[in-house]
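Written below as structure tokens is the structure these notes are about.
Each value in this text was obtained by applying a stated rule to the coordinates, not by laboratory testing. Computed from a prediction, not measured in an experiment: that's the story for all the values here. Every residue, glycine as well, gets a Cβ built from its backbone with ideal geometry; the counts of neighbours run over all protein chains shown.
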Amino acid sequence: MKGDTLTRVPRGFDKDHKAAAYLMHKQFLGFREEPGAFATSKDFYKNLLVTFKALAPLVQFLNEPLVAAESPSRKARILDA
């Protein structure tokens, strides 16, 4: 996991919070580093799929609040406003 981080835990959270390392992230980047020749190997697509499947739960977790915010009831309230 890589990405830009804050220098300290955000206000309102204890610096010893069990998720302090994650709370300090400004972004979450999941990646896999391979040599350039890997892109033309016969196993490239198989390994790419494995990598995407490994990252999918993180992406789903991070997207849950966004999906919930776009629920039909919320859209109706916005349109009625």
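Sorting 64-70, 46-52 by their mean Cβ neighbour count within 10 Å, with the most densely packed peptide first, gives 46-52, 64-70. Between rounded, prolate and oblate, where does the chain land on the alpha carbon gyration tensor, with a ≥ b ≥ c its root eigenvalues, rounded for a/c under 1.5, else prolate if a/b exceeds b/c? Cα axes put the chain in the oblate bin. Annotation: amide H of residue 5 within the under-5 Å range of 26, sequence separation 5 or more or interchain, hydrogens built in the peptide plane.
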